[in-house]
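K.L.:
The structure that follows is given in the form of structure tokens.
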Amino acid sequence: AMFLLSAASFSLFEDGRLGEWINVAIVLLIPLLFVWWGWTYAKKLTGTNRYLLLQLALILGVTLMLYHATIGGDWQTEFYGAFAGLLYVAGIHAYQTRPHWIPLTLACLSFALAILLKEPFLISLTAVSVLMLKTRKDWLMLWLFPFASACALYLIVLLSLGALDEYLTLYLPGMLGGYILRAGPVWARGITAWERIFTNVSDFTPWFPLV
């Protein structure tokens, strides 16, 4: 997906301007998402508690935005994928608050975009689903539908690029049979990744791990 975005940017502007504009939009939208989440809870409160919750949401949003912008940098898959994951969480929350086709569509599109950017994001999105989805209907509407949407989008992109055969015969065997096995057991990589993330956020700001 990043190669397609890069190709589109150079096709339209002959430089990386499109990616830079998307980066700016993401940087602005992350704090707004947190403020919106905070407002869905703050509107039930009154007086000082409402404003304190909104301020806390804004601080968390700005901190996370600065962290991603600093660590991710320009044209990084993780930066775009993390934002897609936040949109998926927003879709889940909005749909659970008020079931409607708009948040369902947001959840499906953001889920599909995250996996199109990088397949391992499926694990992170599924972990989010385990934490947020409570009923079978929730799993059907907010995980199975988005997963099916992601599979369909992935298939369409591969077919349109004529890369389906290479994906199945070269990329997947190489990833599953070579790269993943060389990286060690999944549980060990999970511990290593957690240590690296904790170190990164601690270096960024000492209080951020408390979040």
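K.L.:
Would you be able to say whether some residue in segment 161-173 is in a helix (DSSP H, G or I) and either among the small types (Gly, Ala, Ser) or at pLDDT 90 or above (or both)?
P.N.:
No - not one qualifying residue is present in segment 161-173.
K.L.:
Can you pull out the residues in segment 21-49 that are open to solvent by less than 100 Å² (accessible area, probe 1.4 Å), farther than 22 Å from Val89 by Cα and not in a loop (DSSP other than H, G, I, E, B)?
P.N.:
Gly47, Thr48, Asn49 - these are the residues of segment 21-49 that are open to solvent by less than 100 Å² (accessible area, probe 1.4 Å), farther than 22 Å from Val89 by Cα and not in a loop (DSSP other than H, G, I, E, B).
K.L.:
Please go through segment 63-88 and pick out each residue that is in a loop (DSSP other than H, G, I, E, B) and at negative phi.
P.N.:
Scanning segment 63-88 gives Asp74, Gln76.
K.L.:
Same structure, new question: Looking at this structure, is Arg182 modelled with pLDDT under 85 and either charged (D, E, K, R) or over 23 Å from the mean Cα position of the chain (by Cα) (or both)?
P.N.:
Spelling it out, Arg182 is indeed modelled with pLDDT under 85 and either charged (D, E, K, R) or over 23 Å from the mean Cα position of the chain (by Cα) (or both).
K.L.:
Still on this structure, I have one more. Inside segment 32-48, can you point out the residues that are aliphatic (A, V, I, L, M) and either under 20 Å from Leu64 (Cα atoms) or in contact with a helix residue (DSSP H, G or I) (Cβ under 6 Å, 6 or more places away or on another chain) (or both)?
P.N.:
Correct list: Leu32, Leu33, Val35, Ala42.
K.L.:
Another question about this same structure. Taking the condition of being under 25 Å from Val157 (Cα atoms), without any contact (Cβ under 8 Å) to a residue 60 or more places away in the chain and assigned to a helix (DSSP H, G or I), how many residues in segment 89-147 meet it?
P.N.:
Adding up the residues that qualify gives 30.
The values are calculated or read from the model by the stated rules, or taken from the named source; none is laboratory data. Computed from a predicted model, the values in this text were never measured in an experiment. So basically every Cβ, Gly included, is an ideal-geometry build from the backbone, and we count neighbours across all protein chains shown. Accessible surface is based on the protein model in full, side chains and every heavy atom, while ligands, DNA and RNA are left aside. Shrake-Rupley method; radii C 1.70, N 1.55, O 1.52, S 1.80 Å.
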